[in-house]
There are 2 protein chains.
Amino acid sequence: MLNQQASLDLMFQALADPSRRMMVERLSQGPASVSELAKPLDMSLPAVVQHLQVLEASGLIRTEKVGRVRSCTLDTGALQRAEQWIHERRALWERRLDRLGEYLALSEDPKGHDPT
Amino acid sequence: MLNQQASLDLMFQALADPSRRMMVERLSQGPASVSELAKPLDMSLPAVVQHLQVLEASGLIRTEKVGRVRSCTLDTGALQRAEQWIHERRALWERRLDRLGEYLALSEDPKGHDPT
DNA sequence: GTGTTACTTAAGCGAATGCTTAACCAACAA
DNA sequence: TTGTTGGTTAAGCATTCGCTTAAGTAACAC
């Protein structure tokens, strides 16, 4: 298993490309085949497959081949980990701003010392 | 102003590097100077500055130079937009799974037709 | 069988990334 | 004024990325 850091690397990297995000958007509405995913994109099929490999390596999607079509589905567990990472940093920062606001509100010194 | 797509590109791209995420983690606890951010990282100062440029271009941080030190702070608005994008896709997918579950539960045919 | 469809594999190429070192500059300190 | 600190700029370089075309292969349709 990959460590947490490397796994976030792959996920954010995967989400950094607009074509790949478009695939994720499509997959958020339900499973799709490779050529369905390729249809709205202006690039060759091998290029699409390469994007899919990036998404799969990142854990954001899973794929399964049935007959000659490969079916792709979103893995929301991975999405959730990425969302969680961002959320935690944001929460930390906002809690800090809250503390700062409280301090300033309670402070008797109108000029305020920076409590950081 | 950048369009939504390009802006997400830059944000996710910025978050895809572990050194940059480390800087964001540090900044989530309060503002810091360039050399404070550089201290835990095993690379030259110019390299750190280049990472900061990526973060600033993505909108994730803002910086201001006072005297000879540059102070960096997190911009949670940008973080929130990235979090929101992920959250929406995930929510869509999970709502779909719920509908599917309901359908299967209500179905009179024990084998179930796939309603997708 | 003979197609046609749905990918897959391989090789190559230009551009972008993540670093480096060397040299520079501007603020403050003695 | 002479250093030292905190960054900045510029150039170069190896690697990775996003694409291409060309040539497979394996499943299904007739």
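The values are calculated or read from the model by the stated rules, or taken from the named source; none is laboratory data. Worth saying up front: this structure is predicted, and the values here are computed from it rather than measured. Cβ atoms come from the backbone with ideal geometry, glycine included; neighbour counts cover every protein chain shown. Note: areas computed on protein heavy atoms with side chains; ligands, DNA, RNA excluded. Shrake-Rupley method; radii C 1.70, N 1.55, O 1.52, S 1.80 Å.
Does the range A:68-90 hold any residues that are open to solvent by less than 30 Å² (accessible area, probe 1.4 Å), among the small types (Gly, Ala, Ser) and over 15 Å from A:Asp9 (Cβ atoms), and which are they?
The answer is A:Gly77, and nothing else.
Among the residues of the range A:12-25, write down those that are within 13 Å of B:Leu15 (Cβ to Cβ) and in contact with a Leu (Cβ under 6 Å, 6 or more places away or on another chain).
Result: A:Phe12, A:Ala14.
For (1) near DNA strand D (Cβ under 9 Å from one of its atoms); (2) within 27 Å of B:Val66 (Cα to Cα); (3) open to solvent by less than 70 Å² (accessible area, probe 1.4 Å), each residue gets a yes or a no:
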position: B:Ser7; (1), (2), (3): no, no, yes
position: B:Ala16; (1), (2), (3): yes, no, yes
position: B:Ser19; (1), (2), (3): no, yes, yes
position: B:Leu37; (1), (2), (3): yes, yes, yes
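Filter the range B:8-40 down to the residues that are of a type in the set (Lys, Arg) and part of a helix (DSSP H, G or I) and list them by number.
As a first pass, look at the range B:8-40 and keep what is of a type in the set (Lys, Arg): B:20-21, B:26, B:39.
Those that are of a type in the set (Lys, Arg) and part of a helix (DSSP H, G or I): B:Arg20, B:Arg21, B:Arg26.
From (1) more than 13 Å from DNA strand D (Cβ to nearest atom); (2) assigned to a loop (DSSP other than H, G, I, E, B), pick out the condition that doesn't hold for B:Met43.
(1)
Quick one: would you say B:Pro31 is over 11 Å from the mean Cα position of the chain (by Cα), within 13 Å of DNA strand D (Cβ to nearest atom), at the interface with another protein chain (Cβ under 9 Å from one of its Cβ atoms) and open to solvent by 20 Å² or more (accessible area, probe 1.4 Å)?
Working: over 11 Å from the mean Cα position of the chain (by Cα): yes; within 13 Å of DNA strand D (Cβ to nearest atom): yes; at the interface with another protein chain (Cβ under 9 Å from one of its Cβ atoms): yes; open to solvent by 20 Å² or more (accessible area, probe 1.4 Å): yes.
Against the criterion (over 11 Å from the mean Cα position of the chain (by Cα), within 13 Å of DNA strand D (Cβ to nearest atom), at the interface with another protein chain (Cβ under 9 Å from one of its Cβ atoms) and open to solvent by 20 Å² or more (accessible area, probe 1.4 Å)), B:Pro31 qualifies.
Report the residue count in the range B:29-53 for those that are under 30 Å from A:Ser19 (Cα atoms) and either more than 12 Å from DNA strand C (Cβ to nearest atom) or touching a helix residue (DSSP H, G or I) at 6+ places or on another chain (Cβ under 9 Å) (or both). Let's see the steps before the verdict.
Within the range B:29-53, the first condition is being under 30 Å from A:Ser19 (Cα atoms), and the residues that meet it are B:47-53.
When the remaining residues are screened for being either more than 12 Å from DNA strand C (Cβ to nearest atom) or touching a helix residue (DSSP H, G or I) at 6+ places or on another chain (Cβ under 9 Å) (or both), the result is B:47-49, B:51-52.
Qualifying residue count for the region: 5.
Residues to consider are A:Glu25, A:Glu56, A:Glu64; find the one that is away from chain B (no Cβ under 14 Å) and farther than 23 Å from B:Arg21 by Cβ.
On the way: A:Glu25 fails: away from chain B (no Cβ under 14 Å); A:Glu56 fails: farther than 23 Å from B:Arg21 by Cβ.
Answer to the selection: A:Glu64.
Only residues in the range A:79-100 that are at the interface with chain B (Cβ under 8 Å from one of its Cβ atoms) and without any contact (Cβ under 8 Å) to a residue 12 or more places away in the chain count as the first member; pair them with residues that are of a type in the set (Asp, Glu) and open to solvent by less than 80 Å² (accessible area, probe 1.4 Å), Cβ under 7 angstrom, at least 6 apart or cross-chain, and list the lot.
A:Glu83/B:Glu83; A:Ile86/B:Glu83; A:His87/B:Glu83; A:Arg89/B:Glu25; A:Arg90/B:Glu83
What tally of residues in the range B:46-67 results from selecting those that are part of a loop (DSSP other than H, G, I, E, B) and either open to solvent by 60 Å² or more (accessible area, probe 1.4 Å) or of a type in the set (Asp, Glu) (or both)? Full working, then the answer.
If we filter the range B:46-67 for residues that are part of a loop (DSSP other than H, G, I, E, B), which is where we start, we get B:58-60, B:67.
Filter once more, so that each one left must be either open to solvent by 60 Å² or more (accessible area, probe 1.4 Å) or of a type in the set (Asp, Glu) (or both): B:67.
So the count comes out to 1.
Would you check which residues across the range B:1-24 are under 17 Å from B:Val49 (Cβ atoms) and of a type in the set (Asp, Glu) and list them?
Passing the criteria: only B:Asp17.
Checking A:Gln5 against (1) at pLDDT below 95; (2) in a loop (DSSP other than H, G, I, E, B); (3) within 14 Å of chain B (Cβ to nearest Cβ), which single condition isn't satisfied?
Of the numbered conditions (1) at pLDDT below 95; (2) in a loop (DSSP other than H, G, I, E, B); (3) within 14 Å of chain B (Cβ to nearest Cβ), the odd one out for A:Gln5 is (2).
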